[in-house]
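What follows is one structure encoded as structure tokens, with my remarks underneath.
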Protein chains: 6
Amino acid sequence: MRILIANANTTAAITDACATVARQAAAPTTIIIAGTPTFGPAVISTRVENAIASHALLSMLAEHAGRVEAVVLAVSHDTALEAARQLMPCPVLGMTEAGCLTACMVGGRFGILTLGQVAAYEDLVARHGLSARCATVRGVAATPLDALRDPDGVAAMVLAEARTMAERCDAIVLAGAALAGMDRHLQDDCPVPLLDGIACAVKMLEGLVGLGLPKPRAGSYAAPSGRASMGLSPALDAMLRGG
Amino acid sequence: MRILIANANTTAAITDACATVARQAAAPTTIIIAGTPTFGPAVISTRVENAIASHALLSMLAEHAGRVEAVVLAVSHDTALEAARQLMPCPVLGMTEAGCLTACMVGGRFGILTLGQVAAYEDLVARHGLSARCATVRGVAATPLDALRDPDGVAAMVLAEARTMAERCDAIVLAGAALAGMDRHLQDDCPVPLLDGIACAVKMLEGLVGLGLPKPRAGSYAAPSGRASMGLSPALDAMLRGG
Amino acid sequence: MRILIANANTTAAITDACATVARQAAAPTTIIIAGTPTFGPAVISTRVENAIASHALLSMLAEHAGRVEAVVLAVSHDTALEAARQLMPCPVLGMTEAGCLTACMVGGRFGILTLGQVAAYEDLVARHGLSARCATVRGVAATPLDALRDPDGVAAMVLAEARTMAERCDAIVLAGAALAGMDRHLQDDCPVPLLDGIACAVKMLEGLVGLGLPKPRAGSYAAPSGRASMGLSPALDAMLRGG
Amino acid sequence: MRILIANANTTAAITDACATVARQAAAPTTIIIAGTPTFGPAVISTRVENAIASHALLSMLAEHAGRVEAVVLAVSHDTALEAARQLMPCPVLGMTEAGCLTACMVGGRFGILTLGQVAAYEDLVARHGLSARCATVRGVAATPLDALRDPDGVAAMVLAEARTMAERCDAIVLAGAALAGMDRHLQDDCPVPLLDGIACAVKMLEGLVGLGLPKPRAGSYAAPSGRASMGLSPALDAMLRGG
Amino acid sequence: MRILIANANTTAAITDACATVARQAAAPTTIIIAGTPTFGPAVISTRVENAIASHALLSMLAEHAGRVEAVVLAVSHDTALEAARQLMPCPVLGMTEAGCLTACMVGGRFGILTLGQVAAYEDLVARHGLSARCATVRGVAATPLDALRDPDGVAAMVLAEARTMAERCDAIVLAGAALAGMDRHLQDDCPVPLLDGIACAVKMLEGLVGLGLPKPRAGSYAAPSGRASMGLSPALDAMLRGG
Amino acid sequence: MRILIANANTTAAITDACATVARQAAAPTTIIIAGTPTFGPAVISTRVENAIASHALLSMLAEHAGRVEAVVLAVSHDTALEAARQLMPCPVLGMTEAGCLTACMVGGRFGILTLGQVAAYEDLVARHGLSARCATVRGVAATPLDALRDPDGVAAMVLAEARTMAERCDAIVLAGAALAGMDRHLQDDCPVPLLDGIACAVKMLEGLVGLGLPKPRAGSYAAPSGRASMGLSPALDAMLRGG
């Protein structure tokens, strides 16, 4: 089974880091393929960048359609998730979506823990209709740059916050590329499961592919067909035209 | 005051039709400017097209930034509304958003009436946090093409549905370009107000500009700054870099 | 265009203060008319007073029906808003309602900032169906009397609270007569827009009047007709009888 | 124990009918006292009338304060419930509120069944925060006048609707004076309990009085004190001044 | 009238304590009968114990069916409430349910105050569909054992928390056997009503019995009939078979 | 990997049927073990039976604790799910829960389709906090006995309903043992995915086990310890005592 780890920004190093986490989680027979957009923001941290990256991501996905059995959106904002799910002939999961749904399977209420601002993740949980299951979204007062410069210091801050969250949360989703891999590092000292979205998405997709569900032929997730456009990549234009 | 009527698809005829409605609603001192993206879908009717059009719309808006005092998103899906609001230094309203908020001002519960599928508008009302005010979303079983071929027949269908909705709705928002101008045509025979989103947006924006509110300098609607990207239009790239 | 600034308490000085704010916000061609009830509470700060003032407000409105093109309820509890909207043949907005809906147009989540207790405003936001858009309601620990005695001190407290709220709110509605005009005073030091409900209501009403929407002829906002009563003012009694 | 049956309209015949139902439900040691406002609408069926009646009701209640141990608001809109609860030194229940809370005690989801329009009751359930427990609000297509002219015919319509509602509702609250007493008449033919709001309120108040709970001394239900007003009845004015 | 105080754990001392509170609340003509399960957990403080106790409770209830006029579930988790309500031919109230519904009758928003963890009570309020009325659930950092060893110390902690909660809550439900009777002890020093669930349930049930509502004959609360089982107590088996 | 298919009723034929579906879905290396309670209801179709079966199920699970790596609750009411999750040292999924969460991964809104009454499933979706994702719950007017007698006729009814639901649902969960296996039979004729809860649970559990998440050591899903009880099975008693 080939699973595409689809980054939505143009920074290949982040794609690689996500692919590494994915390979650690994947079954032996799963092949992890990494994809990076060829245009758009270097990193997504604003609403504008997220909107632009939607197009970049879909263009990249169109190149892989039919050549992979599943897609992980390796971007913690689950950028263009619904559109990607419609576009692709195979299952697609967002990494934060996968973390949240996995959290639903292991307990009652989950929390999301990130670096910095929390509003985008609160919006994301609401967009996924999971607000009733989310006890809190917390942001540690540190930047991704801080995490590079002082990984131990930031890890200590994350752990302290996670332990406080554990009083109200049965599982904690770590959100944002800067926290990738931290679940393994901190799990022993945290009394509730720490979830990495990429790992969750890989395992859930292996299960979804195994179910062999058909692509919807009706509704807003059926593949587009007969749609005209201009200025798009040939692959994306072809998928809109369908056939 | 210059208000940009920003279409999100590439069909200039639709832009022109929206601009005409806007001019009819605008104050004498308001100048309506029309904008059409240079790439993207010809018409937006799928999730994929909507996601692609977000980029196309923002690229076009970047060309107008600083040259208009307000922006109407002339696309009934309120495509990229939140990103456009962050990007632009001036007020931005989506046409359906404006219709819904205006409806809140004239009664208790509103309805949305469109041609065809309703799911996208139900999602949109939820995204705007207005579900508690929306009594129903109804779709008349006709296509935009039907509306062109048999305008009177479709108008009769719309009126019949609107009159039924009036039993539960204090105002009705007409959604979709195919219903543009129909509010005036049918209002006399409908017992509750029929709202055209473009007209509502123009009037609310004239008021918003009059309030002279500042652009947020904090939070997720503050202008992007210092953001790197590749492959974007010079104007959009410059706005991401800020300064 | 004549807009009635309708106070719901009997203190003419508060009416005048509200009318002054309204005139500063109004277009040159808008005429601001002030109305004060002839009976009822001097100030509304309890549930009992608010219920009594509903009658007093409607009695006063009945005197103006047909003589103004729009009404602002110049009372931060939006007293009798739904009834006033039904009674009057013209658009009616509550000042806090207008502040909240305007806040929806400028960002994602808004906050409400007042002096003292917050429960009434939390109830009001829920009554307007806008809880999903309201991040928080905060009350500064000061009374209106404090604001008169030490305006600079209270303004400093309001600003400090507003700056804290700006971490979660894209716009802040200042609620309560004691904060009237404070938006202009404090805006430069606050990173998100501060909204004055009276000013917002005036601008939105100028837009609403411009839309020329009809009065509903069906539903619970259609004008009363054929309703018998006793002991009411002649004008109010006449409007209940209709005709 | 004296329980005041407080009508909110000026029609004494309706007060009497409600008092009769109350007496049938009351314990032998409970004394039912009936109160009718001296001004306001003859019948409450619009938003305007409901707002006016709030004042009339509170004026009447003030005459009884300290002379009764409990109050039933004998008006299906629960007019001015929160204000009456604050004003009076004793427990106050609205008849529809009491019906809904009693329904919560006998099953999972309840329905409300009335004559005519349902929007006001949907709003009322939301105001009481009980929407999650209310499966449906249904209105039989008949007027109170129809119920007088053809009681058997209307009763048959009510029964048919109730039986349909019983497929989704574990209990049904009959709302509106025109349905008073119908619960007894129809219960044998309906598979789920039919609730009369007046009867429910009387029994719940007998229990509440027995609990001997104190009047709140803090928050928005503490008695008003030191509040100035003009033009109100001496009794109401005195209660606002407190002391 | 005979009311069964049905404990769900096997500790008779707790049953007795609850029965004592019930007798203090009951009308002179009400007879309080106490019931204790013959198997199951000694005390319920985990999800597993609560699920096991459901069976134990229903087995005990079956012994009393037809011999009591009402049942109080004397367990703050309202264990097996819905099933007990279906099983028994008479009204059944949970003690926390009764406290919450009584709180709804005396104010706008209530709080729940307990010892230790709050998650179970937040879930319980949601299960009862009353989240919109519940301002907060708070847990004092003390165990039931602490309350036995240092009753004055724990009472002081409870009072301090209750006074803080009174800033947001119009009534406070005391949850958990360890707080039984504390409402009387602390009420004078707390500005809003403190509610004991057992007492509330007794008074509401006296009222419910007085209403004489029939047992539902349809829906999920109608008595079971024709249901086969194995290994259950003869009384419970008989009730499942019905007839 | 050993997965326990845990029926909650005492009918071994139903356990076997569920185990067969599970084996069809399982990976080659997964071993399906079937468990049937030794006491309790023969079939669960009432609230009382569901509550009793919770105990029976937990007793049976206790026999398997430590001997399986995952548990599927093979009962469409997800009986005792939260308690089972706390009790067991391994992941536990309910079959309807698994169907709903899988549905969230393949589209926006799902529907649930069953035979007969729908109220229990509406309650279940609310208990899982997934109401925002569930478009509708529909019940075909047929009994499990009908499905045995006339499988083709019932299948035709299910298909017709599913096709109607597909207008609003992006995926459909088939609920109830009587519909087991019908997803494969009908999928070709239905335009959106049909989900079997057992199959979904098996695949999601294979993924969850692969993630290797730890058992929570805090909160309400941590294993019980030091809890006393009487009359329980030795295995269940031992798990409550812990250690």
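The values are calculated or read from the model by the stated rules, or taken from the named source; none is laboratory data. Everything numeric here is computed off the predicted structure, so don't read it as measured data. Every residue, glycine among them, receives a Cβ derived from its backbone with ideal geometry; neighbour counts consider all protein chains shown.
Would you point out which residue out of D:15, D:36 is over 30 Å from residue E:87 (Cβ atoms) and over 13 Å from the mean Cα position of the chain (by Cα)?
D:36
Across segment A:188-212, what is the total count of residues that are crowded, with 20+ Cβ neighbours inside 10 Å, touching a residue at least 24 places away in the same chain (Cβ under 8 Å) and over 19 Å from residue A:159 (Cα atoms)?
10
Under 6 Å by Cβ, and 6 or more places apart or on different chains, what pairs join a residue from segment B:14-25 that is more than 16 Å from residue B:204 (Cβ to Cβ) with one that is at pLDDT below 95 and not β-branched (Val, Ile, Thr)?
B:14/B:177; B:17/B:180
So, in segment C:104-154, exactly how many residues are of a type in the set (Ser, Thr, Tyr) and under 17 Å from the mean Cα position of the chain (by Cα)?
Going through segment C:104-154 one residue at a time, the tally reaches 2.
Here's the yes/no breakdown for (1) buried (at least 24 other Cβ atoms within 10 Å of the Cβ); (2) within 14 Å of chain D (Cβ to nearest Cβ):
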position	(1), (2)
C:74	yes, no
C:77	yes, yes
C:81	yes, yes
C:87	yes, yes
C:94	yes, yes
C:124	no, yes
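Can you tell me which condition residue F:214 does not meet? The list is (1) over 19 Å from the mean Cα position of the chain (by Cα); (2) not assigned by TED's automatic domain parsing to the domain that holds residue F:60, and all the others hold.
So the condition that residue F:214 fails would be (2).
Inspect all residues belonging to segment F:37-59 and state whether any of them is of a type outside the set (A, V, I, L, M, F, W, C), farther than 22 Å from residue E:41 by Cβ and either more than 9 Å from every other protein chain (Cβ to nearest Cβ) or surrounded by fewer than 18 Cβ atoms within 10 Å (Cβ to Cβ) (or both). Reasoning before the result, please.
Going residue by residue through segment F:37-59, those that are of a type outside the set (A, V, I, L, M, F, W, C) are F:37-38, F:40-41, F:45-47, F:49-50, F:54-55, F:59.
If we keep only those that are farther than 22 Å from residue E:41 by Cβ too, we end up with F:45-46.
Going one step further and asking which of them are either more than 9 Å from every other protein chain (Cβ to nearest Cβ) or surrounded by fewer than 18 Cβ atoms within 10 Å (Cβ to Cβ) (or both), we end up with none.
No, the conditions are met nowhere in segment F:37-59.
Out of the residues in segment D:56-99 that are touching a Gly at 6+ places or on another chain (Cβ under 9 Å) and among the acidic types (Asp, Glu), state the one that is farthest from residue D:224 (Cα to Cα).
Among residues in segment D:56-99 that are touching a Gly at 6+ places or on another chain (Cβ under 9 Å) and among the acidic types (Asp, Glu), the one farthest from residue D:224 (Cα to Cα) is D:97.
Mind checking which helices (runs of 4 or more DSSP H) fall wholly inside segment C:1-87 and carry at least 2 residues that are out of contact with any Ser or Thr (no Cβ under 8 Å at 6 or more places or on another chain) and of a type in the set (Val, Ile, Thr)?
So the answer is C:12-25.
Restricted to segment C:188-204, and to residues that are more than 8 Å from chain B (Cβ to nearest Cβ) and touching a Leu at 6+ places or on another chain (Cβ under 7 Å), which residue is farthest from residue C:160 (Cα to Cα)?
So, considering only residues that are more than 8 Å from chain B (Cβ to nearest Cβ) and touching a Leu at 6+ places or on another chain (Cβ under 7 Å), the one farthest from residue C:160 (Cα to Cα) is C:201.
So in segment F:135-153, with the set limited to residues that are closer than 18 Å to residue F:190 by Cβ and touching a strand residue (DSSP E or B) at 6+ places or on another chain (Cβ under 7 Å), which one is farthest from the other protein chains (Cβ to nearest Cβ)? Give the steps one after another, and end with the answer.
Start the filter on segment F:135-153 by keeping residues that are closer than 18 Å to residue F:190 by Cβ, which leaves F:135-140, F:142, F:147, F:151-153.
Next cut, touching a strand residue (DSSP E or B) at 6+ places or on another chain (Cβ under 7 Å) only: F:135-140, F:142, F:147.
Numbers: F:135: 9, F:136: 13, F:137: 12, F:138: 13, F:139: 11, F:140: 15, F:142: 16, F:147: 19 Å.
Per the stated criteria, the residue is F:147.
Condition (residue is within 21 Å of residue E:17 (Cα to Cα) and not in a strand (DSSP E or B)) applied to segment E:119-141: is it met by at least one residue?
no
Can residue E:230 be described as surrounded by fewer than 17 Cβ atoms within 10 Å (Cβ to Cβ), within 9 Å of chain F (Cβ to nearest Cβ) and either touching a residue at least 12 places away in the same chain (Cβ under 8 Å) or over 24 Å from the mean Cα position of the chain (by Cα) (or both)?
yes
Please determine whether any residue of segment F:65-77 is under 14 Å from the mean Cα position of the chain (by Cα), hydrophobic (A, V, I, L, M, F, W, C) and outside the structural domain of residue F:17 (by TED's automatic domain parsing).
No, the conditions are met nowhere in segment F:65-77.
Among the numbered conditions (1) under 30 Å from residue B:117 (Cα atoms); (2) crowded, with 21+ Cβ neighbours inside 10 Å, tell me where residue B:239 comes up short.
Against the list (1) under 30 Å from residue B:117 (Cα atoms); (2) crowded, with 21+ Cβ neighbours inside 10 Å, residue B:239 comes up short only on (1).
Can you go through A:15, A:20, A:29, A:11 and tell me which one is surrounded by fewer than 24 Cβ atoms within 10 Å (Cβ to Cβ) and touching a strand residue (DSSP E or B) at 6+ places or on another chain (Cβ under 6 Å)?
Just one listed residue meets the conditions, A:15.
Could you grab me the full set of residues in segment B:165-174 that are over 17 Å from residue B:18 (Cβ atoms) and either of a type outside the set (Lys, Arg) or away from chain C (no Cβ under 11 Å) (or both)?
B:165, B:166, B:167, B:169, B:170, B:171, B:172
For residue E:147, indicate whether it is surrounded by 20 or more Cβ atoms within 10 Å (Cβ to Cβ) and part of a helix (DSSP H, G or I).
Here the answer is yes, as residue E:147 does meet what is asked.
Filter segment A:102-118 down to the residues that are farther than 23 Å from residue A:178 by Cα and part of a loop (DSSP other than H, G, I, E, B) and list them by number.
A:107, A:108, A:109
Have a look at C:162, C:177, C:156 and point out the one that is closer than 15 Å to residue C:115 by Cβ, touching a residue at least 24 places away in the same chain (Cβ under 8 Å), of a type in the set (Gly, Ala, Ser) and more than 14 Å from chain B (Cβ to nearest Cβ).
On inspection, the qualifying residue turns out to be C:177.
Please determine whether any residue of segment B:218-225 is more than 30 Å from residue A:36 (Cβ to Cβ) and either in the same structural domain as residue B:40 (by TED's automatic domain parsing) or hydroxyl-bearing (Ser, Thr, Tyr) (or both).
Yes: segment B:218-225 contains one or more residues that are more than 30 Å from residue A:36 (Cβ to Cβ) and either in the same structural domain as residue B:40 (by TED's automatic domain parsing) or hydroxyl-bearing (Ser, Thr, Tyr) (or both).
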